[in-house]
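Scroll down for the structure; my scribbles are underneath it.
The values are calculated or read from the model by the stated rules, or taken from the named source; none is laboratory data. Because the structure is predicted, anything quoted here is derived from the model rather than measured. In this analysis, Cβ positions are derived from the backbone assuming ideal geometry, glycine residues included, and neighbour counts consider all displayed protein chains.
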Amino acid sequence: MTTAFGRALGAIIVLSTSLVATAPVWAQAWPSRQPIKLVAVFPPGGSVDQVARLLAPALSTQLGQSVIVENRGGASGSIGAAAVAAAPADGYTFAVVFDTHGVNPSLIPNLPFDSRKDLSPVVLVGTAPMVLGTPAGSDFKTFGDVVAAAKTGQGASYGSIGSGSLGHLAMALLGKSAGLNFQHIPYKGGGPLMNDAVAGHVPLAIGSVFLLKPFVDNKRVRPLAVTTSKRSADLPDIPTLAELGFTGFEAPAWWAVLAPARTPPEIVARMNEALNKVMRSPELAKRLDAQGIDVAGGSPEAARAFIERQMDVWGKVVRDNQIKAD
């Protein structure tokens with residue numbers, strides 16, 4: 001080994017050792033350097049935005065650092081998720097995502113990031129049932145009436161918040177597994193869907209409890225079934241699809257917090273701990289419950305297992321039914 005080469009190699013080793021040694025110190029300094037950004041991957045006003053804005057002030061108090069919300073909507077949440085995947089992995093940028101995050105890998109061609117490799121789950125915030133409802137004046141009095149209609153040649157039409165939405169996929173899965181003829185009518189979001197549902201222009205509507213419950217409460221929409229294995233605490237009298245004969249059917253809406261991949265595990269663990277603490281607080285849990293969300297929490301590993309399972313389940317539904325994005 002030449003003396004010059006030896007000196008160069010020694011310098012590289014010293015630099016590498018220095019970087020490894022300072023990484024834990026850098027992680028220990030988190031989050032004192034700057035405000036933390038929560039990127040809500042949908043526009044203001046929806047459930048993702050509201051979840052982010054409920055978490056931000058509580059996290060700020062817990063961490064002793066400002067936490068701000070930035071909306072980066074578009075392409076079913078993939079634009080905001082791509083921005084976070086490309087952000088520095090320094091613990092100052094996180095994504096708040098919706099269930100579309102589990103669908104997008106199979107639904108959107110040439111997604112500019114790898115959902116499994118470029119983003120690291122921090123925590124599963126919570127889940128919520130979706131509700132299948134019908135206008136108050138509809139002939140559908142029970143879900144059994146819907147099944148009877150869906151067994152005819154004409155089938156039963158329903159609206160969702162868009163092609164590839166979880167409501168669309170849930171009904172596609174139900175139809176294919178049970179041999180039922182459901183005709184999908186995609187809308188550009190929850191507002192247009194519920195306007196038409198209330199007016200009786202679409203016979204069935206599927207969406208989260210967050211979306212449908214206000215219309216159930218004012219008696220303009222009649223709920224027929226929920227899509228989770230357990231009944232909703234917000235609609236305790238409404239049966240699950242599993243109770244109605246579709247054993248094992250489970251299609252929850254969900255929300256999660258993600259970090260850029262390669263974020264130091266010490267920071268992910270500390271952010272996870274802070275999120276679990278604020279979500280367990282009675283005040284925040286009550287406010288999330290008011291949005292129809294059942295708080296989940298738990299470890300990053302549990303969040304990853306849940307999200308990757310959602311990707312597997314709904315990816316198969318997309319492929320089996322040749323579903324395309326709007």
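What do you reckon, is Asp289 in a loop (DSSP other than H, G, I, E, B), within 23 Å of Val48 (Cβ to Cβ) and either assigned by TED's automatic domain parsing to the domain that holds Ala136 or out of contact with any Cys (no Cβ under 6 Å at 6 or more places or on another chain) (or both)? Spell out how you get there, then give the answer.
Details: in a loop (DSSP other than H, G, I, E, B): no; within 23 Å of Val48 (Cβ to Cβ): yes; either assigned by TED's automatic domain parsing to the domain that holds Ala136 or out of contact with any Cys (no Cβ under 6 Å at 6 or more places or on another chain) (or both): yes.
It is false that Asp289 is in a loop (DSSP other than H, G, I, E, B), within 23 Å of Val48 (Cβ to Cβ) and either assigned by TED's automatic domain parsing to the domain that holds Ala136 or out of contact with any Cys (no Cβ under 6 Å at 6 or more places or on another chain) (or both).
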Gly73 - would you say it is out of contact with any strand residue (DSSP E or B) (no Cβ under 7 Å at 6 or more places or on another chain), assigned to a loop (DSSP other than H, G, I, E, B), at positive phi and at pLDDT below 95?
no
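Is it the case that Ala95 is surrounded by fewer than 17 Cβ atoms within 10 Å (Cβ to Cβ) and either without any contact (Cβ under 8 Å) to a residue 12 or more places away in the chain or in a strand (DSSP E or B) (or both)?
Working: surrounded by fewer than 17 Cβ atoms within 10 Å (Cβ to Cβ): no; either without any contact (Cβ under 8 Å) to a residue 12 or more places away in the chain or in a strand (DSSP E or B) (or both): yes.
No, not satisfied.
Being crowded, with 19+ Cβ neighbours inside 10 Å, on the phi < 0 side of the Ramachandran plot and modelled with pLDDT under 95 is true for just one of Ile307, Ile293. Which residue is that?
Values: Ile307 fails: modelled with pLDDT under 95.
Exactly one of Ile307, Ile293 is crowded, with 19+ Cβ neighbours inside 10 Å, on the phi < 0 side of the Ramachandran plot and modelled with pLDDT under 95, namely Ile293.
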When residues of region 234-258 are limited to those that are in contact (Cβ under 8 Å) with a residue 60 or more places away in the chain and of a type in the set (Gly, Ala, Ser), the one farthest from Ser76 (Cα to Cα):
Ala251
Is there a residue in region 251-268 that is under 21 Å from Gly80 (Cβ atoms), among the small types (Gly, Ala, Ser) and at pLDDT below 95?
yes
For region 65-72, does any single residue satisfy the condition of being closer than 26 Å to Gln322 by Cα, surrounded by 16 or more Cβ atoms within 10 Å (Cβ to Cβ), touching a residue at least 12 places away in the same chain (Cβ under 8 Å) and hydrophobic (A, V, I, L, M, F, W, C)?
no
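From Gln50, Gln34, Gln28, grab the single residue that is out of contact with any Lys or Arg (no Cβ under 7 Å at 6 or more places or on another chain), modelled with pLDDT of 95 or more, polar (S, T, N, Q) and outside any strand (DSSP E or B). Give the derivation first.
On the way: Gln50 fails: modelled with pLDDT of 95 or more; Gln28 fails: modelled with pLDDT of 95 or more.
The conditions single out Gln34.
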